[in-house]
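Let me begin by presenting the structure, written as structure tokens, before commenting on it.
The values are calculated or read from the model by the stated rules, or taken from the named source; none is laboratory data. Because the structure is a prediction, the values reported are computed rather than measured. Counting neighbours? That spans all protein chains shown, and the Cβs are built from the backbone with ideal geometry, glycine included. When the accessible area is computed, the model is the full protein with side chains, heavy atoms only, and any ligands, DNA or RNA have been set aside. Shrake-Rupley method; radii C 1.70, N 1.55, O 1.52, S 1.80 Å.
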Amino acid sequence: FYLVRSGGRPVATARLLVEDGLAVLHGLGVVEARRREGLGRYLTPIVTRAGLAMGASLVWLSVDPANTAAVALYGGLDYRPAFRWRRLLGPR
């Protein structure tokens, strides 16, 4: 778990899981009032490097294609699409 504080207040978070040579970055978030300040651009490479330093050969994340700000952020950090997800709902 990674937490960025500013003025003693939490402003950004991320979680990293590493297992069997794969790191999964998820839960990256920035409080709404502090978005567009570069906090995601600051935190993502830190968590990515931590995953690689912990022995992962790949760092993976998923993002909703409709979240254009996040897609642009990760693309600018050299994350590249690997495949597309389909959302399926099971029977009730």
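State which residue pairs qualify: first residue on the phi > 0 side of the Ramachandran plot and inside region 37-57, second residue in a loop (DSSP other than H, G, I, E, B) in any location, beta carbons under 7 Å apart, and separation of 6 or more residues or different chains.
Close Cβ pairs (under 7 Å, with a partner that is in a loop (DSSP other than H, G, I, E, B)) amount to Gly55/Gly21.
Looking at region 47-59, can you tell me whether even one residue there is within 27 Å of Arg87 (Cα to Cα) and among the hydroxyl-bearing types (Ser, Thr, Tyr)?
Looking for residues that are within 27 Å of Arg87 (Cα to Cα) and among the hydroxyl-bearing types (Ser, Thr, Tyr), one finds at least one in region 47-59, hence yes.
Mind telling me which of the residues Arg49, Arg34, Arg80 ends up being basic (Lys, Arg), more than 11 Å from the chain's Cα centre (by Cα), open to solvent by 40 Å² or more (accessible area, probe 1.4 Å) and modelled with pLDDT under 95?
Being basic (Lys, Arg), more than 11 Å from the chain's Cα centre (by Cα), open to solvent by 40 Å² or more (accessible area, probe 1.4 Å) and modelled with pLDDT under 95 holds for just one of Arg49, Arg34, Arg80, which is Arg80.
From (1) in a strand (DSSP E or B); (2) modelled with pLDDT of 95 or more; (3) not hydroxyl-bearing (Ser, Thr, Tyr), pick out the condition that doesn't hold for Gly55.
(1)
If Arg41 passes every condition in (1) open to solvent by less than 90 Å² (accessible area, probe 1.4 Å); (2) part of a helix (DSSP H, G or I) but one, which one does it miss?
So Arg41 meets the others, but not (1).
If the requirement is being outside any loop (DSSP other than H, G, I, E, B) and either open to solvent by 60 Å² or more (accessible area, probe 1.4 Å) or modelled with pLDDT of 95 or more (or both), which of these qualifies: Pro65, Pro10?
Testing whether each residue is outside any loop (DSSP other than H, G, I, E, B) and either open to solvent by 60 Å² or more (accessible area, probe 1.4 Å) or modelled with pLDDT of 95 or more (or both) leaves just Pro10.
Scanning region 61-72 for residues that are in contact with a helix residue (DSSP H, G or I) (Cβ under 9 Å, 6 or more places away or on another chain) and touching a residue at least 24 places away in the same chain (Cβ under 8 Å), which turns out farthest from Trp85 (Cα to Cα)?
Looking at the filtered set, the residue picked out is Ala69.
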